[in-house]
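Enquirer: Sharing a structure with you now.
The values are calculated or read from the model by the stated rules, or taken from the named source; none is laboratory data. Note that the structure is a prediction, hence the values are computed from the model and not measured. Reconstructed Cβ throughout: ideal geometry from the backbone, glycine too, with neighbour counts over all protein chains shown.
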Amino acid sequence: MNEEVGSVVETSVWSLFSESFDVFSVVLLIGSMIAVSLIVKLVLDARRSVIAPDGIVDSLSKKLDSGNLDSFLATASEDSGIVGSACVAAFNARNNGAADRTAAMREAAEIAASNACGRWTRTLDLLRVIGEIGPLIGLAGTVWGMILAFVKLGQAGGSAGPTDLSMGISKALFHTLLGLMLAVPCLLIYGWYRSVIEKHCNRAFEQAGGLVDRLSAMDGDSE
């Protein structure tokens with residue numbers, strides 16, 4: 001008896017999904033696939049070893065210790081992360097003719113570091129947008145489904161039974177369910193990885209700032 005009930009429920013849910021499949025469902029499914037790819041990208045990229053690796057900092061520090069600035073620039077250029085981008089920008093700002101060279105180097109490093117950090121924050125922002133738009137699309141699908149349900153009720157002269165009406169409403173509400181199923185994991189992961197990325201980016205900013213200060217001090221000593 002329980003197996004029959006389970007089979008009926010499973011069949012009803014699947015039939016409800018298939019009968020409710022429309023343009024709103026397609027949009028929500030596409031959004032779900034995009035969200036999954038963004039989440040995978042965050043899992044792979046939003047790590048300390050990628051955002052703020054200690055190896056590049058140690059390597060650049062050794063270049064500064066040896067006074068080999070050309071090698072310092074070459075090593076920083078090979079790193080597309082926050083530290084490398086900030087150091088390259090600061091190095092290039094050394095010879096821009098600014099009156100306050102130290103301030104110019106720090107400003108250039110801050111801009112470059114912020115732009116490099118956008119590699120992760122842009123992914124987060126897109127995930128947040130999907131999470132916020134998902135319920136709205138689901139609600140739009142629900143409203144559209146309710147309109148169709150009541151139109152059919154009116155065409156039947158109001159003679160439709162409670163079963164027919166409840167099935168139409170269930171199909172309409174299925175879009176809201178899909179929208180919530182898309183939004184909840186997106187917003188949860190967004191909230192979690194936002195704090196993780198901020199922590200790693202702040203660490204990278206501190207590392208880059210220390211290297212830029214040392215580079216600026218070396219220029220002052222050479223003068």
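Enquirer: I'm trying to understand the selection: among the residues of segment 66-98, which are small (Gly, Ala, Ser) and either surrounded by fewer than 19 Cβ atoms within 10 Å (Cβ to Cβ) or assigned to a loop (DSSP other than H, G, I, E, B) (or both)?
Expert: Answer for segment 66-98, where residues must be small (Gly, Ala, Ser) and either surrounded by fewer than 19 Cβ atoms within 10 Å (Cβ to Cβ) or assigned to a loop (DSSP other than H, G, I, E, B) (or both): Ser66, Gly67, Ser71, Ala74, Ser77, Ser80, Gly81, Gly97, Ala98.
Every residue, every condition in (1) buried (at least 21 other Cβ atoms within 10 Å of the Cβ); (2) at pLDDT below 90; (3) in a helix (DSSP H, G or I); (4) out of contact with any Ser or Thr (no Cβ under 8 Å at 6 or more places or on another chain), yes or no:
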| position | (1), (2), (3), (4) |
| --- | --- |
| Gly118 | no, yes, yes, yes |
| Leu126 | no, no, yes, yes |
| Val129 | no, no, yes, yes |
| Ile137 | yes, no, yes, yes |
| Leu165 | no, yes, yes, yes |
| Leu177 | no, yes, yes, yes |
| Ile189 | no, no, yes, yes |
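Results for (1) part of a helix (DSSP H, G or I); (2) among the acidic types (Asp, Glu); (3) modelled with pLDDT under 90; (4) under 15 Å from Ala116 (Cβ atoms), shown as yes or no for each residue.
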position	(1), (2), (3), (4)
Val9	yes, no, yes, no
Phe21	no, no, yes, no
Leu38	yes, no, no, no
Lys41	yes, no, no, no
Ser49	yes, no, yes, no
